[in-house]
Amino acid sequence: MRVLLKENIESLGSRGDIVEVADGYGRNYLLPKNLAFKVTKSNMKRVEMEQKALRKSFEEEKESYQDLIQNLNQTTLSFTRKTAEKDVIFGSVSSTDIKEALDKKGFDIDKKKILLEEPIKRLGNYTVPVKVFHEDKSEVKVQVLGEKTEEEQQEGKEESPEEGEKKEEE
């Protein structure tokens, strides 16, 4: 069965593509969910008009996402986590954490579009790709910083009065 896709289907094709699918898949899934319509000789003219309209709307959509891509490229997210030895953090920074931080900054990005291969488990600076529109990707900079433990904070408080005394003696 040949169908014209009305929506992007990851394993099948992009919107506006004419693809060959199994009859059952087309009849039982694509057509009832209005994701595609059947291509026949009688509706070939409709198919051509539909393809033109889909290409035009695709181009308009792509232009609207360019601003979002530029804004995401300029975005830096910082996360503070408790650390163990050798810059290993307790827990991790996952795509859920990144999504929540992007939501706070006003970006509405689906968690599935954050292409983080595995959660971040070390301190440092990272670049995380975000799928914005079809194949268009953006990169968000992520900083993972260490949080001072209670012992380090107490040591810092104890050292600071001594430093003040040294300055007074000079």
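Readers should treat all values here as calculations from the given coordinates under stated rules, not as data from a laboratory. Small disclaimer: the values here were computed from a predicted structure and weren't measured. For neighbour counting, all protein chains shown are included, and Cβ atoms are generated from backbone atoms with ideal geometry for every residue, glycine included.
Within the range 91-101, restricting attention to residues that are hydrophobic (A, V, I, L, M, F, W, C) and touching a Leu at 6+ places or on another chain (Cβ under 7 Å), which residue is surrounded by the fewest Cβ atoms within 10 Å (Cβ to Cβ)? Steps first, please.
Residues of the range 91-101 that are hydrophobic (A, V, I, L, M, F, W, C), as a first pass: 93, 98, 101.
Add one more test, that the residue is touching a Leu at 6+ places or on another chain (Cβ under 7 Å), and what stays is 98, 101.
Working: Ile98: 23, Ala101: 17.
It comes out as Ala101.
Checking the structure you have, find out if any residue of the range 19-41 is more than 26 Å from Lys137 (Cα to Cα), in contact with a Lys or Arg (Cβ under 8 Å, 6 or more places away or on another chain) and in a helix (DSSP H, G or I). So far as the range 19-41 goes, yes, one or more of its residues are more than 26 Å from Lys137 (Cα to Cα), in contact with a Lys or Arg (Cβ under 8 Å, 6 or more places away or on another chain) and in a helix (DSSP H, G or I). Of all residues in the range 105-116, none satisfies being in contact with a Phe, Trp or Tyr (Cβ under 6 Å, 6 or more places away or on another chain) and surrounded by 15 or more Cβ atoms within 10 Å (Cβ to Cβ).
Among the candidates Val21, Val88, which residue alone is more than 17 Å from Val128 (Cβ to Cβ) and in contact with a helix residue (DSSP H, G or I) (Cβ under 8 Å, 6 or more places away or on another chain)? Even if it seems obvious, please write down each step before you answer.
Working: Val88 fails: in contact with a helix residue (DSSP H, G or I) (Cβ under 8 Å, 6 or more places away or on another chain).
After applying the criteria, what remains is Val21.
Residues considered: Ser78, Ser92, Ser57. Of these, the only one that is of a type outside the set (Asp, Glu) and touching a residue at least 40 places away in the same chain (Cβ under 8 Å) is Ser78.
Scanning the range 58-79 for residues that are surrounded by 13 or more Cβ atoms within 10 Å (Cβ to Cβ) and hydroxyl-bearing (Ser, Thr, Tyr) yields a count of 2. Of all residues in the range 8-18, which are surrounded by 15 or more Cβ atoms within 10 Å (Cβ to Cβ), part of a loop (DSSP other than H, G, I, E, B) and either among the aliphatic types (A, V, I, L, M) or without any contact (Cβ under 8 Å) to a residue 60 or more places away in the chain (or both)? Answer for the range 8-18, where residues must be surrounded by 15 or more Cβ atoms within 10 Å (Cβ to Cβ), part of a loop (DSSP other than H, G, I, E, B) and either among the aliphatic types (A, V, I, L, M) or without any contact (Cβ under 8 Å) to a residue 60 or more places away in the chain (or both): Leu12, Arg15, Gly16, Asp17.
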